[in-house]
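Right, one structure below, let's go through it.
The values are calculated or read from the model by the stated rules, or taken from the named source; none is laboratory data. All values reported here derive from a predicted model rather than from experimental measurement. FYI the Cβ positions are ideal-geometry reconstructions off the backbone, even for glycines, and counts take in every protein chain you see.
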């Protein structure tokens with residue numbers, strides 16, 4: 001009997017190490033007593049205490065939360081309406097439109113940032129929260145569109161048809177049948193969109209204004225003078241928040257899949 005190759009396991013271990021060891025190091029050194037990130041001098045919560053007493057950080061956090069909520073609201077409306085429109089129309093270009101809807105998340109962020117910088121400058125649009133919402137929504141809409149589309153195409157169309165035959169209005173069909181069916185996908189897309197918008201740095205650098213600073217940009221600005229344990233503490237909290245959002249998104253999507261299978 002031939003022995004199994006160890007190469008797949010070795011490959012997986014190397015990829016896992018490359019991906020997660022830097023994150024683990026950041027988290028560990030956020031509890032470092034030393035001011036120098038690369039020198040371990042003992043366990044301490046000092047940098048978390050300093051972080052929570054930093055007014056600038058909390059202003060930036062507030063800005064990021066406001067921005068992410070606005071982006072999610074805009075993306076939810078446009079992405080959901082787009083998915084419903086493609087599902088319920090028979091245009092010949094529907095498949096092409098569905099494909100191009102994912103283009104913004106495939107284009108490098110630095111290219112999108114440069115494009116929006118040129119566009120907003122041409123339009124004489126003041127840089128700030130408005131330009132940030134527009135730019136962030138461009139790469140968040142596809143997440144919601146794809147999640148909602150997946151739910152719509154998994155639905156049994158005969159259920160909606162039966163409801164209409166029994167006298168339900170289009171609004172009642174959407175409220176009682178369609179919306180509950182797409183809700184797990186919509187919530188999953190919203191959580192992903194929130195995480196993507198909240199964590200964005202590259203596009204935000206190009207389209208933000210001097211009066212509106214997000215938390216990732218604040219981190220980027222402070223890192224120019226060197227990585228401190230306080231930055232490590234902030235990065236650790238952001239990693240934790242992002243991980244929770246992604247796990248919630250995965251859980252919601254899985255719950256929706258299970259509900260569809262039971263039907």
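Of note:
- Which listed residue, of 130, 103, 148, 173, is under 30 Å from residue 213 (Cβ atoms) and surrounded by 15 or more Cβ atoms within 10 Å (Cβ to Cβ): 130
- Some residue of region 97-116 being over 30 Å from residue 205 (Cβ atoms) and in a helix (DSSP H, G or I): yes
- Scanning region 9-27 for residues that are touching a residue at least 12 places away in the same chain (Cβ under 8 Å) and either under 17 Å from residue 47 (Cα atoms) or outside any helix (DSSP H, G or I) (or both) turns up 26, 27.
- Selected residue (criterion: surrounded by the fewest Cβ atoms within 10 Å (Cβ to Cβ)) from residues of region 215-230 that are touching a helix residue (DSSP H, G or I) at 6+ places or on another chain (Cβ under 8 Å) and modelled with pLDDT under 80: 223
- Filter result for residue 111 (out of contact with any helix residue (DSSP H, G or I) (no Cβ under 7 Å at 6 or more places or on another chain), free of Cβ contacts under 8 Å to residues at least 60 places away in the same chain, exposed (fewer than 15 other Cβ atoms within 10 Å of the Cβ) and closer than 18 Å to residue 199 by Cβ): no
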